[in-house]
Amino acid sequence: MSRLSTLNRRSFFHRALAGAAAMGLVSQPWRLAAAQLVEGTPIRDVRSVGLDDPALVQLSINENPLGSSPRAIEAVAKSMFGMNRYPFHDQLEKALAKHHDVPMETILTGVGSSEILNLLVLAAFWDRGGNIVTAFPSYPSVPGKTEELGREVRKIPLEPDYGIDLEAMANAIDSETRIVTICNPNNPTGQLLDAAELRQFIDAVPKDVIVCIDEAYIHFVEVPDYPSTIPLAQEKENVLVTRTFSKAYGLGGVRVGYGIGHPDLLKRLARLGIGRLNKNTLSIAAALGALEDPDHVTRSVELVREGKRYLYAQLKDMGYEPLRTQTIFVTVEVGPDTETFIELLQEQKIAVRQAFDMDGYMRVSVGLPRENEAFAQEFRKLAVRN
């Protein structure tokens, strides 16, 4: 951040504090919060593994290691005194429509993309039975909610190279199929589908079957000019694309996501939600600020790519073969001692996780360089010991 930008931020908060003090509204928590916003988040020392901080090296839930954009933080700060007002407006929808160059009525915002995915399942099954078709392993949100409703989940195993088997998924669709869900890039394997093959697959899916493409990690794709399926969601009435602000934008804590699809499809989803009451003043402010700072996304992506290269090299040097991913994490097969490794790392205040539905595989989110180094240092000790 430039010195001028820092001074501007400080000037804003000093004026805000002065104005609030004049009204008798400044309490000690607000002073501390404002100071942290002005000065930035303190840098934690991770050189000494084992300090009394359970989140010292948090590499288990795919958070943006760079954090939120300063513009998002300032936008939230500016909205703090308006928290008594309901955000019954369409500012975020309008901004997203401009960002993606799509009509506003093709956008449905939610509390993270998780809300959109849950509404999808409810809309598909609220008055009937049927099944969904999904790759396996893959992101479990839609399959999990489907199973909770007592509907059938058809899990199609991945190909030997960990790619999604579109041909097998197509063969699994029948007259009772309501949803086909695809996570692209896939989580937890991090693999990316060929864009032309994905287009052919979607074209072949019956029009009464909803095709959901989860693009949570699309910003991290390393294939030049790889196309989003958002244009397909404008062409076809049965395609829903979900996006999140949690990853590339670093807003996981404020929960903002959205779906893009045909207006009639979005109306089916929206009628089962809570309408405008799902909106959050500070979340909207954060998302609007984040959209105004594309450079922060670029820096986040570059940091993640650099971190992946480091983790690839370290894991390979230890004798492992990590999967080359198109996401914000690295997945690696470490064998039957996976749970033991994870527990021992946790004892050293380093949090990673097993790749869900992949026995023997560990998933490591990319962190800041010092966090990646702390993980590599401690995992090397364990790998040698075992």
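Which of (1) within 15 Å of K279 (Cβ to Cβ); (2) free of Cβ contacts under 8 Å to residues at least 12 places away in the same chain does V76 not meet, given it meets every other one?
(2)
Quick check on my filter: what residues within region 320-346 are among the charged types (D, E, K, R), closer than 19 Å to Q58 by Cβ and touching a residue at least 40 places away in the same chain (Cβ under 8 Å)?
Passing the criteria: none in range.
What single numbered condition from (1) part of a loop (DSSP other than H, G, I, E, B); (2) within 22 Å of S113 (Cβ to Cβ) fails to hold for D208?
Failing condition for D208: (2).
Table: residues versus (1) under 19 Å from the mean Cα position of the chain (by Cα); (2) of a type in the set (V, I, T); (3) over 25 Å from D214 (Cβ atoms).
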{"site": "Y310", "(1), (2), (3)": "no, no, yes"}
{"site": "F329", "(1), (2), (3)": "yes, no, no"}
{"site": "E333", "(1), (2), (3)": "no, no, no"}
{"site": "D337", "(1), (2), (3)": "no, no, yes"}
{"site": "A355", "(1), (2), (3)": "yes, no, no"}
{"site": "Y361", "(1), (2), (3)": "no, no, no"}
{"site": "G367", "(1), (2), (3)": "yes, no, no"}
{"site": "R380", "(1), (2), (3)": "no, no, yes"}
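From L193, L198, L120, grab the single residue that is of a type outside the set (S, T, Y), assigned to a loop (DSSP other than H, G, I, E, B) and buried (at least 19 other Cβ atoms within 10 Å of the Cβ). Spell out the reasoning first.
Working: L198 fails: assigned to a loop (DSSP other than H, G, I, E, B); L120 fails: assigned to a loop (DSSP other than H, G, I, E, B).
Residue meeting the stated conditions: L193.
Somewhere in region 158-180, is a residue assigned to a strand (DSSP E or B) and closer than 23 Å to L323 by Cα?
Within region 158-180, none of the residues are assigned to a strand (DSSP E or B) and closer than 23 Å to L323 by Cα.
Residue check: is G360 touching a residue at least 24 places away in the same chain (Cβ under 8 Å), on the phi > 0 side of the Ramachandran plot and surrounded by fewer than 14 Cβ atoms within 10 Å (Cβ to Cβ)?
When the stated conditions are applied, G360 does not pass them.
Select from region 210-237 the residues that are without any contact (Cβ under 8 Å) to a residue 24 or more places away in the chain and out of contact with any strand residue (DSSP E or B) (no Cβ under 8 Å at 6 or more places or on another chain) and list them in ascending order.
Across region 210-237, the qualifying residues are P224, D225, P231, E235.
Across region 129-157, which residue is surrounded by the fewest Cβ atoms within 10 Å (Cβ to Cβ) among those that are in contact (Cβ under 8 Å) with a residue 40 or more places away in the chain and either in a loop (DSSP other than H, G, I, E, B) or charged (D, E, K, R) (or both)?
For region 129-157, the residue satisfying everything is G129.
For region 145-160, state whether one or more residues are polar (S, T, N, Q), outside the structural domain of Q354 (by TED's automatic domain parsing) and over 24 Å from T331 (Cα atoms).
Going through region 145-160, the residues polar (S, T, N, Q) turn out to be 146.
With the extra rule that they be outside the structural domain of Q354 (by TED's automatic domain parsing), the set shrinks to 146.
Add one more test, that the residue is over 24 Å from T331 (Cα atoms), and what stays is 146.
Yes: one or more hits.
Between V334, V364, which is within 29 Å of P70 (Cα to Cα), outside the structural domain of H99 (by TED's automatic domain parsing) and β-branched (V, I, T)?
Checking each option against the conditions leaves just V364.
Conditions: (1) surrounded by fewer than 22 Cβ atoms within 10 Å (Cβ to Cβ); (2) of a type in the set (G, A, S); (3) touching a residue at least 12 places away in the same chain (Cβ under 8 Å). G307 meets all but one. Number of the miss?
(1)
Taking the criterion of being more than 18 Å from L96 (Cα to Cα) and in a helix (DSSP H, G or I), would at least one residue in region 212-228 satisfy it?
Within region 212-228, one or more residues are more than 18 Å from L96 (Cα to Cα) and in a helix (DSSP H, G or I).
Checking the condition in contact with a helix residue (DSSP H, G or I) (Cβ under 7 Å, 6 or more places away or on another chain) and not assigned by TED's automatic domain parsing to the domain that holds G190, which residue from Q377, Q314 passes?
Answer to the check: Q314.
Is it the case, given these coordinates, that Q326 is among the polar types (S, T, N, Q), more than 25 Å from S228 (Cα to Cα) and outside the structural domain of A95 (by TED's automatic domain parsing)?
no
Which of the residues belonging to region 97-108 are β-branched (V, I, T) and surrounded by fewer than 23 Cβ atoms within 10 Å (Cβ to Cβ)?
Correct list: V102, T106.
The values are calculated or read from the model by the stated rules, or taken from the named source; none is laboratory data. As the structure is a prediction and not an experimental result, all values here were calculated from the model. Every residue, glycine as well, gets a Cβ built from its backbone with ideal geometry; the counts of neighbours run over all protein chains shown.
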